[in-house]
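In what follows, a structure is listed as structure tokens, so that the remarks can point back to it.
The values are calculated or read from the model by the stated rules, or taken from the named source; none is laboratory data. In this text, all values refer to a predicted model and were calculated from it rather than measured experimentally. All Cβ positions, even for glycine, are placed from backbone atoms using ideal geometry, and neighbour counts span all protein chains on display. Keep in mind that these areas ignore ligands, DNA and RNA; they rest on the heavy atoms of the full protein, side chains included. Shrake-Rupley method; radii C 1.70, N 1.55, O 1.52, S 1.80 Å.
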Amino acid sequence: MRLNNLMKGVASAATIAGLAATLSATLAQAQDAGADKKYKIYLAMSYSGNSWQSEAANIVKALAKTPPYDKEVELTEVISGTDPQAQISAYESMIQAGADGVISFPISATALNRTIKRGCDQGVKFFMYDATVTEPCAYNVSFITAGFGENTAQALVNELGGKGKIFLSRGVPGNSVDKRHTDGAMHIFNQYPGISVVAEYYSYWDDRTTQQETAKALAAHPDVDGIWAQAGEYGAVQALLDKGDKLVPITGENSDGFRLALADPKMQEMGLKGVSSGSPPASAGYAFKVMMEILTGKRDLKPMNIQYPLPWVPAADVKLCKGDTFEDGCNVFPSEKVPSSFVTEVFNPTLLPELSLTSALDGNPTPGATIQPLPEEITQAPDSPGINCQRCEAPENQYELKKVKATVQP
């Protein structure tokens, strides 16, 4: 009996040991599978018809190829166009395909919300860059609440001494970026009875379209005194040059051609003044890195609105770069190195030290670069109703000037 009990004990011990070994092997396999897991990420673009969008996409693709993301990410690019329904359908396909994350330039702040919420409920992380949505479960990573519209409008008012006829060159109709920029600009212009908006047109953030639309406006208003422009601003310069030998103050965004023009003594003699500010394609790369830190467990961050800093380069501060990144305070490249439409704000030495010109131009990783951790602190954007939140109130100082002071009074 004692021998039988002993044998039973040995058998039980062997069974337990076998189960433990099997469990250990299973856990080890699971850990190996986790270590080898590739996150299924979709780069979901809508509008894609300009240099800005190409550079933003290239930055994400370059980061996805940079170690260790090259072993962690399976990236798929989808371009749906300017129809919100097409982007909704694209999102639905990504959710159904088991996406871990979607990094996207949304074409509408509200039309995509229901589909985004359905994806969030299934565990998909939605990260919007530059443009925003009002669905609370999504992350918005954008500069648009940083004050481009109001600050550039005040800079133009200052140049014009508080009076004059101006053009508004806008972006894509219905997009949150265009709305917030224009709302901020008109908040300033409406304070100055001497400022008259004589032409307003959509240029789709594109140099060629801006040139064409500005030329039409010039035909009707050849005596324009200034132009407030979103991306595509170098097209406005070209339209003025095509018409004659007179330029006017222009506030625009970050194209290489525009920055070179601002610093050109000949252009200055012809009347060009202004400031280069606006949207950094770098926000796409920043959004992607925040997403990856959350997916890989390096950061715990509830859905929120994240503010990217607003670039601000007056004509006097334009400085030519000698290398392939922003170093020693430089902020523009020689014309033989990049096309005039190249959007210069693709770098950030603190947030995106992995990037170089090859990243933005070709979507290839910088040789020898590895992904660097983001700073612990993230700047939260203020609420902006209809832009990044649904049931919220804007702060009283939402249009407060942060980059320029009013030198003329209404």
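Can you list residues from other chains, or at least 5 along the same chain, whose modelled amide H is less than 5 Å from the amide H of VAL197?
Here ILE166 satisfy the definition.
With a sphere of radius 13 Å drawn around the Cβ of LEU361, what net charge do the other residues whose Cβ falls strictly inside it have (Lys, Arg +1; Asp, Glu -1)?
-2
How much of the pair distance distribution for the range 193-344 lies past 28 Å, counting alpha-carbon pairs only, in percent?
30 percent
HN-Hα J couplings of the range 219-229 from phi, Karplus 6.51/-1.76/1.60, θ = phi - 60°, integer Hz, Gly and Pro as x?
4, 8, 9, x, 9, 4, 9, x, 10, 9, 10
Please calculate how many Å² of accessible area the chain carries per residue, with a 1.4 Å probe and no DNA, RNA or ligand atoms counted.
Spelled out: the 1.4 Å probe surface of the chain, per residue, equals 44 Å².
For the range 51-133, just the Cα atoms, rotate onto the principal axes and tell me the three extents in Å, largest first.
Cα extents, longest axis first: 35, 31, 17 Å.
So what are the range 292-374's ellipsoid semi-axes, whole angstrom, largest first, if each one is the square root of 5 times an eigenvalue of the alpha-carbon gyration tensor? Walk me through the numbers before you get to the answer.
Numbers: eigenvalues 148, 58, 25 Å².
Equivalent ellipsoid of the range 292-374: 27, 17, 11 Å, largest first.
Which residue, HIS221, SER142, ALA155, has the largest displacement toward the positive end of the dipole of the chain when charges sit on each Cβ (Lys, Arg +1; Asp, Glu -1)?
Going by the Cα projections, it comes out as SER142.
Over the Cα atoms of the chain, each weighted equally, I'd like the Debye log10 I(q)/I(0) at q = 0.06, 0.13, 0.14 Å⁻¹, rounded to two decimals.
These q points yield log10 I(q)/I(0) values of -0.29, -1.08, -1.22.
Let me check I've understood the local charge: for PRO311, count other residues with C-beta under 12 angstrom from its C-beta, Lys and Arg +1, Asp and Glu -1. What total comes out?
Working: positive: ARG259, LYS403; negative: GLU253, ASP317, GLU345.
With Lys, Arg at +1 and Asp, Glu at -1, the neighbours total -1.
Between ALA138 and residues 5 or more places away or on another chain, which pairs have amide H atoms under 5 Å apart, with H built 1.01 Å from N, and which residues are they?
Here nothing satisfies the definition.
What Kirkwood Rh does the range 348-410 have if only Cα atoms enter the pairwise 1/r average? Answer in Å.
After inverting the mean inverse Cα-Cα distance, the result is 16.1 Å.
Percent antiparallel among DSSP beta bridges with both residues in the chain, to the nearest 5?
15 percent
Hey, what do the phi angles of the range 105-111 turn into as Karplus ³J(HN,Hα) couplings, whole Hz, using 6.51/-1.76/1.60 and θ = phi - 60°, x for Gly and Pro?
9, x, 7, 9, 7, 10, 5
Take the alpha carbon atoms of the range 244-304, find their center, do the same for the range 172-198, and report the distance between the two centers in whole angstrom.
19 Å
List, in order, the whole-Hz ³J(HN,Hα) value for each residue of the range 381-388 obtained from phi through the Karplus relation with A = 6.51, B = -1.76, C = 1.60 and θ = phi - 60°; use x for Gly and Pro.
7, x, 5, 9, x, x, 10, 10
In nm, give the distance between the simple-model label positions of GLN85 and ASN190, each being 7 Å from the Cα along the Cα-to-Cβ direction.
3.4 nm
If you line up the long axis of helix 148-160 against the longest principal axis of the chain, both from Cα atoms, how many degrees apart are they, to the nearest 10?
Here the helix axis deviates by roughly 20 degrees.
What percentage of the solvent-accessible surface of the range 216-287, computed with a 1.4 Å probe over protein heavy atoms, is contributed by carbon and sulfur atoms?
On the way: 1100 of 2160 Å².
Summing carbon and sulfur atoms, their accessible area is 51 percent of the total for the range 216-287.
Could you please report the charge total around LEU160, scoring K, R as +1 and D, E as -1 over all other residues with beta-carbon less than 10 angstrom from its beta-carbon?
In short, +1.
Could you pull the Cα extents of the range 133-252 along its three principal axes, largest to smallest, in whole Å?
51, 31, 17
Calculate the all-directions average of the projected area of the range 75-214's alpha-carbon convex hull, and give it in nm².
On the way: hull surface 37.4 nm².
For the Cα atoms of the range 75-214, the hull's average projected area reads 9.3 nm².
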